[in-house]
1. Would you please name the residue that is modelled with the lowest pLDDT, looking only at residues in region 92-119 that are farther than 25 Å from residue 12 by Cα and not small (Gly, Ala, Ser)?
2. Can you name every residue in region 26-54 that is modelled with pLDDT of 95 or more and not in a helix (DSSP H, G or I)?
3. Considering every residue within region 13-30, establish whether at least one is surrounded by 14 or more Cβ atoms within 10 Å (Cβ to Cβ) and among the acidic types (Asp, Glu).
4. Given the condition over 12 Å from the mean Cα position of the chain (by Cα), under 21 Å from residue 21 (Cβ atoms) and not in a loop (DSSP other than H, G, I, E, B), answer yes or no: does some residue in region 64-73 qualify?
5. Tell me whether region 39-61 contains one or more residues that are among the aromatic types (Phe, Trp, Tyr), surrounded by fewer than 15 Cβ atoms within 10 Å (Cβ to Cβ) and farther than 21 Å from residue 113 by Cβ.
6. Is there any pair linking a residue in region 18-35 that is under 19 Å from residue 86 (Cβ atoms) to one that is exposed (fewer than 14 other Cβ atoms within 10 Å of the Cβ), with Cβ under 6 Å and at least six apart or on different chains, and which?
7. List, please: which pairs have Cβ atoms under 8 Å, are six or more places apart or on different chains, and start with a residue in region 45-71 that is free of Cβ contacts under 8 Å to residues at least 60 places away in the same chain and end with one that is aromatic (Phe, Trp, Tyr)?
Amino acid sequence: MAPTRFLARTMGPTLLALSASEYRNWHVFPQSSPAVVLLNGTILFACGVGIVQSHNVWHPPQALLVTALGWSILALGASRMAVPELVLSSVQESQGPPNALLLGMGTVGVVLCTIGYWL
């Protein structure tokens, strides 16, 4: 279970910080460029591939969460690499930060911190 705990300890605080900073700085995203979205997608894709390559474990539930999150990060990165203009236009048309999504990211971050540091 050591790889699961290691990745949970890495991904948990990252998701907490990311959800808080994206909420706080949401106003900068509509002024981005497609190139920045593409670069972000490339970084996410590489991180997702790294997680999936080192941790493609589907049992127990803690490991499943880490693996599913790795696949989700990989897919998010691939979509941003494939259609950066579409991603940017959806952000520009939004009426503010996606509160439910950011709250969900923060909640998953808390769960991963719990798995990594206390379970």
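The values are calculated or read from the model by the stated rules, or taken from the named source; none is laboratory data. Quick caveat: nothing in here was measured; it's all calculated off a predicted structure. With ideal geometry, Cβ positions are generated from the backbone for all residues, glycine too; neighbour counts draw on all protein chains shown.
1. 95
2. 33
3. Yes, some residue in region 13-30 is surrounded by 14 or more Cβ atoms within 10 Å (Cβ to Cβ) and among the acidic types (Asp, Glu).
4. no
5. Checked against the condition, which is being among the aromatic types (Phe, Trp, Tyr), surrounded by fewer than 15 Cβ atoms within 10 Å (Cβ to Cβ) and farther than 21 Å from residue 113 by Cβ, region 39-61 yields at least one hit.
6. As it stands, the answer is 30/92; 34/85, since those pairs meet every condition given.
7. Hits for this filter: 48/71; 52/71; 64/58; 67/58.
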